[in-house]
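K.L.:
Below: one structure in C-alpha cells.
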Amino acid sequence: MTPERWALVKSILADALDQPLSERHAFVDAITPGDDELRREVLSLLASAEADESLPGARAAVLHAADSALGAAALDATSMADTVQRALGVQYRIVRELGHGGMGMVYLAQELALDRFVAVKVLRPDRADLHGARERFRREARIAARLSHPGIVPLHTFGEVDGLWYFVMSYVRGMSLAERLRIDGRIAEAEGARIIAELAAALAHAHAEGVVHRDIKPANVLLDSASGRAVLADFGIAKLVDGEGFTSTGLIVGTPSFMAPEQATGFAPVDERSDIYALGAVARAMMGDGMSPRLRAVIEQALRDVPGERWPSAEALHAALMRLEGMSADALPPRARELPTFGAYALLWGALWLVVAAMKGRHFYDRLLLVLVAAIVPCGALLHVWNASDRTVPPGELLQVAFWPPEWWSMWWPASLRRPGDLWRRLPRPAWAARVALSLFLVTLPALILLREWFDAVSTAREFLQVELTVLLGAAAVIGGALVWALRRGLHVHDASRLLFGATLPSRTWTTPALARLLRPLGASEEPEPESAMQHLHAIVRRVPGADVARRAEGQAERIATLDSEIAQLTQLATDAEVDRLQARLDGMQGPATTTAHDELHGLLQRELEVVQEMRSRREVLMAERRVAMGELRSLWLSVRGVDARVAPGGIPERVDEGIA
C-alpha cells in the first residue's frame, strides 16, 4: 500500500468513526463505490475499532496498519529510551521504563535540578503525525493541569524538545490496581471499600472542575505503596463539561468492560454519572459478589442502568461508602471531620461537672447551674452529630464515630468503639496486660485521692495507704514484667516502649520485623494487610503449619525483610537533605578553579553526589523487587486461604502443596 493509499484509508476511517454506529457501514459503502479492496480495508479497521478493548477506535489496528503501509519500523525499547534521554538529558535522567501503549511510553526518571523521581510520559515520535495524536496529548496535559487532589496524579510540566512531546507527572510508587488483581485475584472488602471511597473523592474533585474521566478501570488506578492511597491516572480521553470535546456523536470512547450503558451506545450524553457507573464496575471487579449486604447495596446503586437512578454525584457515593465499617477518618465527609473523640470529650466534661455539682455544701441553685454547664458540651456533640448526618450517613453511626479514641491513644478503650484497623486485639498478652494495668492505675489512683474523705470515714489512714501502695506496686509489677518479657525477645528499649505504650493505630512502625513478629495472628476470617509480609506469613502458618508452602512463605518473608532493611538503609543515607547539602556545596564552588585542591574537592563532591543518586536509583530497583516478592507471597496466601484452620493438620499440608506445585 502506498503512502497516498494509506492516507485515503485513514481519512475515510476517521470520517466513518464520526458517524452514528448504525450508519457507519452505509457511509463506507457510499464513499468507496467500485473499490472493493478499499472498502474491505476500511471495514476491517472499523471492526477492530468497534471491538477494541481500549477505544477510541482503531488505535491498535490503525497503528499496525500504519507501520505495515508506511514501513515505519517501531522503535524498540532501548532506542526509544535513548531518544528520550537525548531529548531530556539536560533536566532528567531516565532510570527505566514503567509502561507503554500504542501512542506513548512512560519512564521513571530523576529530575536532576530537584533530585526527585518523576514519571515522564512521551508521545512516540513515530506516532505523532497520526490523526489527532498531538492534540490529544496536549489536551490530556491541559486537563491534568486543572486538577489538584491527593487522589489524582499531579502534572508538573509539559513541553516539546526536538519534536519529542512529553509531560512530567509525580511518580507513584507501587502497582496498578490491574496488576494487584492479577496477583491477588480479589481484594478484601474493607480495603476495596476504602479504595473506591478514595477514588470517589478524587472524582468528586475532577467533576467539580468540570472534568469527566470516561475511562475509569483498574489499569488507570495506581496504588501508592508509601501511603496506601489509590490514585487516579490517565485523563487521556477525559472531556470537559461545557468545553470543546474531541469526539463526535456516535463515537465510543472508554473501555467496554467498565462503560456505562449510555457511554457504550455512543449516543446518549456522557456525564459525571457515567464515571460513577465505571467506579461501581471497578468495585465489582475488585471484590466480586463477596460483599456484605450494605456495601453491595451502595455498589448496586452506582451500577444502575438508568443514570438518574445512580448516586447523584461522586460526593454522594463517597459519603455512602464512608459509613461502612473499616473506613478511616480520612474518608469522613467534611462536616463530620471533627466528630472523632468529640463524644469522649463531651462525656468526660459532663461527668466531671456532675461530680463537682454533687459535692457537699453546694447550694441548690449552684447545683442546677453546674448541671446546666455539664450538659452544654454533650448537647453540642449531639447537635454536631445531627447536623453532620444525612440520608446516607445515619446519626447512630456518626455517634459511634464520635466516640472513637484519639489517634495517639494507647490504653484501654471499649472494643466496639475503637477505630477501624486498631491493633489492640493483636497485641501480645504481656503488652495488653501492661496497658490495662497502666489504665487502671491512672483511673484508680486519682479516684482514691478524690474519695479520701469517704475512705477516712470507713477506714484508717494506714488502710488507705495500703490500698494506694497495692495499686501502685501492682501496676509497677505488671508493667515491669512486660518490659522484661519484651527485652528478652530481642527488642531494643525503643521498640519495647512502642510495643507496651505506643498508639495502636496501624503505622509503618508496626510493620518492622522486630514488632510485626510479636503481633498475634489475624483471625481465621481476616485478610492480611496488602504490604505486610509478616501478616501474610502468620496467616499462612496459621492455616498450614509445617507444610512446604509455609516454608516457602518463610523464605519469601525473609527475603522481603532483607530488602526492607536495605531499602531503609538507603533511604536513611540518600536523603533529600544530603542531596541538598552536596548540591549547595557544589553550587558554592562554581567559577574558575584557583588551586589543585579546589579541583580535587569539587571532583569528590561531584562523585559523592553521583553515589547518592545511584543509591536512590538502587532503592527504586529494590522496591520493585520487593513488589515482586510480595506478589509471590500473596499468591501463596491465596493458595491456602480456603483451608480451615480449625481442622486437624493431618493431610492438609500435602494436599495444599500438591495444589500449588
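The values are calculated or read from the model by the stated rules, or taken from the named source; none is laboratory data. Source: prediction; values computed, not measured. Cβ sites come from the backbone with ideal geometry, for glycine too, and all protein chains shown count toward neighbours. Note: areas computed on protein heavy atoms with side chains; ligands, DNA, RNA excluded. Shrake-Rupley method; radii C 1.70, N 1.55, O 1.52, S 1.80 Å.
K.L.:
Per-residue accessible area for T571 at 1.4 Å probe radius, Å² rounded to 10?
P.N.:
For T571, the solvent-accessible surface is approximately 60 Å².
K.L.:
Let me ask another. Between R462 and S439, what length in nm is gained on full extension when 0.36 nm per residue of separation is reduced by their alpha carbon distance?
P.N.:
Details: separation 23, 0.36 × 23 = 8.28 nm, distance 2.49 nm.
Extra length available between R462 and S439 comes to 5.8 nm.
K.L.:
With charges set only on the Cβ (+1 for Lys and Arg, -1 for Asp and Glu), what does the dipole of segment 352-447 come to about its Cα centre, in debye to the nearest 20? Walk me through the numbers on the way to the answer.
P.N.:
Working: 10 positive and 5 negative charges, 73 e Å.
For segment 352-447, the charge dipole is close to 360 debye.
K.L.:
Arrange the residues T595, T83 by how much accessible surface each exposes, largest first, with a 1.4 angstrom probe.
P.N.:
Working: T595 70, T83 40 Å².
Greatest to least solvent exposure: T595, T83.
K.L.:
For S257 and R146, calculate 0.36 nm times their separation in residues minus their Cα-Cα distance, and state this gained length in nm to one decimal. Provide the component values of the computation, followed by the final result.
P.N.:
Working: separation 111, 0.36 × 111 = 39.96 nm, distance 2.78 nm.
Between S257 and R146, full extension yields an extra 37.2 nm.
K.L.:
Quick query: amide H of R116 versus all other amide H atoms, modeled in the peptide plane; which residues come in under 5 Å with a sequence gap of 5 or more or a different chain?
P.N.:
Excluding prolines and chain starts, which carry no amide H, the hits are E111.
K.L.:
For labels at S565 and D36 in the simple 7 Å Cα→Cβ model, what's the distance in nm?
P.N.:
Distance between label points: 7.3 nm.
K.L.:
So how much accessible area does D271 have, in Å² to the nearest 10, using a 1.4 Å probe?
P.N.:
40
K.L.:
Would you rank I195, I183 by solvent-accessible area, highest first, keeping every protein chain in place and using a 1.4 Å probe?
P.N.:
Numbers: I195 0, I183 50 Å².
In descending accessible area the options line up as I183, I195.
K.L.:
Right, next: With +1 assigned to the C-beta of every Lys and Arg and -1 to the C-beta of every Asp and Glu, and no other charges, what is the dipole magnitude of segment 470-610 about the Cα centre in debye, to the nearest 20? Spell out each step's value before the answer.
P.N.:
Numbers: 14 positive and 18 negative charges, 203 e Å.
Value, rounded to 20: 980 debye.
K.L.:
Let me ask you something else. What are the ³J(HN,Hα) couplings of segment 302-319, residue after residue, when phi is run through the Karplus curve with 6.51, -1.76, 1.60 and θ = phi - 60°? Round to Hz, x for glycine and proline.
P.N.:
5, 9, 5, 5, 8, x, x, 9, 7, 4, x, 7, 5, 5, 5, 5, 4, 5
K.L.:
If you don't mind, there's one more thing I want to ask. On the accessible surface of segment 440-563, probed at 1.4 Å, how many percent belong to carbon and sulfur atoms? All intermediate terms of the calculation are to be shown ahead of the outcome.
P.N.:
Details: 4380 of 6920 Å².
Result for segment 440-563: 63 percent of the exposed heavy-atom area is carbon or sulfur.
K.L.:
Using Cα pairs closer than 8 Å and at least 6 residues apart in sequence, work out the relative contact order for segment 465-552, in percent.
P.N.:
On the way: 38 pairs, mean separation 13.7, N = 88.
Answer for segment 465-552 is 16 percent.
K.L.:
Whenever you get a sec, compute what percent of the accessible area on segment 111-184 sits on carbon and sulfur atoms (1.4 Å probe).
P.N.:
Working: 1530 of 3140 Å².
Result for segment 111-184: 49 percent of the exposed heavy-atom area is carbon or sulfur.
K.L.:
Between the DSSP loop rule and a limit of at most 15 other Cβ atoms within 10 Å, which trypsin sites (Lys or Arg not before Pro) in segment 367-438 are left? Intermediate values should be presented prior to the final figure.
P.N.:
On the way: sites: R367, R391, R418, R425, R426, R435; in loops: R391, R418.
Here the sparse-neighbourhood loop sites are R391.
K.L.:
With a 1.4 Å probe and all protein chains kept in place, how do S507, S416, S176 rank by accessible area, largest first?
P.N.:
Numbers: S507 45, S416 85, S176 15 Å².
Listed by decreasing accessible area, they come as S416, S507, S176.
K.L.:
Counting only heavy atoms of protein chains, what accessible area per residue, in Å², does segment 427-504 have with a probe of 1.4 Å? Working shown, then result.
P.N.:
Working: 4760 Å² over 78 residues.
On a per-residue basis, 61 Å².
K.L.:
Which is farthest toward the positive dipole end of segment 331-478 among A402, T444, L473, measuring Cα position about the Cα centre, with Cβ charges +1 (Lys, Arg) and -1 (Asp, Glu)?
P.N.:
The residue sitting most towards the positive pole is A402.
K.L.:
With a/c under 1.5 counting as rounded, go ahead and sort segment 444-526 into rounded, prolate or oblate using the C-alpha gyration tensor (a ≥ b ≥ c being the square roots of the eigenvalues; past the cut-off, prolate if a/b is larger than b/c, else oblate).
P.N.:
Values: a/c = 3.53, a/b = 2.53, b/c = 1.39.
The shape class here is prolate.
K.L.:
Using 0.36 nm times the number of residues separating L383 and L586, minus their current alpha carbon distance, what extension gain do you get? Present the calculation step by step, with values, prior to reporting the outcome.
P.N.:
Details: separation 203, 0.36 × 203 = 73.08 nm, distance 5.99 nm.
Difference between extended and current length: 67.1 nm.
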